[in-house]
Amino acid sequence: MVYPVPLRAGYPVGGQRGFTLIELVVVLAILGLLAAMAYPSFTRQLQSSMRTDAHAGLLKAAAELERCHTRTFAYHECTITRESPDRRYTITPTEITAHTYLISASSAQDDGCESAITLDSRGERLPEACW
């Protein structure tokens with residue numbers, strides 16, 4: 001029987017097929033480096049999006065307090081929504097008097113903030129790094 005392409009021992013007819021072990025190791029090393037660089041950025045972005053939920057909840061509660069204050073001329077007679085829009089945070093009125101308030105948002109999940117995120121009647125937002 002005559003073959004149109006001569007066969008050589010150890011080599012397939014159509015050229016080399018597949019990858020060598022070295023090529024696979026190099027590709028895996030590059031992917032590992034990319035993943036190691038991307039993961040911290042990814043977690044920071046997740047924490048930032050979680051804090052945005054806290055900001056929305058605090059601002060909504062502050063708007064409710066201000067609306068109530070225009071009707072009753074006192075903050076301590078007002079009620080607020082106790083959950084953030086995505087329900088990741090609990091909104092708590094920390095200090096409410098007739099003319100001032102301090103509300104805080106706390107979460108059981110790690111949002112990158114060491115303490116609760118707060119907003120007061122003067123518009124002060126603490127801790128600054130979390131806003």
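Coordinate-derived values only; no laboratory data. This one's a predicted model, so the numbers in the text were calculated from it and none came from an experiment. No Cβ is skipped: glycine too gets one built from the backbone with ideal geometry, and neighbour counts run over all protein chains shown.
Couple of notes before you dig in:
- Amide proton proximity set for Glu83, modelled H, under 5 Å, gap of 5+: Ile91
- Relative contact order (%) - criterion: Cα under 8 Å, at least six apart; region: the chain: 17 percent
- A convex hull fitted to the Cα coordinates of the chain yields 171 cubic angstrom per residue.
- Fluctuation leader among His76, His55, His99 - the chain, Gaussian network, Cα springs under 10 angstrom: His99
- Using the Karplus relation 6.51 cos²θ - 1.76 cosθ + 1.60 with θ = phi - 60°, the per-residue 3J(HN,Hα) values for region 54-59 come to 5, 4, 4, x, 5, 5 Hz, with x marking Gly and Pro.
- Calculated from backbone phi, Karplus (6.51, -1.76, 1.60) coupling profile of region 69-82 in Hz, x at Gly/Pro: 5, 5, 8, 9, 6, 7, 7, 5, 8, 9, 10, 10, 6, 8
- Max mean-square fluctuation residue, GNM over the chain, Cα-Cα springs under 10 Å, options Thr81, Thr72, Thr20: Thr20
- Nitroxide proxy distance, nm - points 7 Å out along Cα→Cβ at Gln47 and Glu95: 2.7 nm
- Most mobile of Ala56, Ala29, Ala105 in a GNM of the chain (Cα contacts under 10 Å): Ala29
- For the chain, a crude dipole built from +1 on the beta carbon of Lys and Arg and -1 on the beta carbon of Asp and Glu, taken about the Cα centre, is about 640 debye to the nearest 20.
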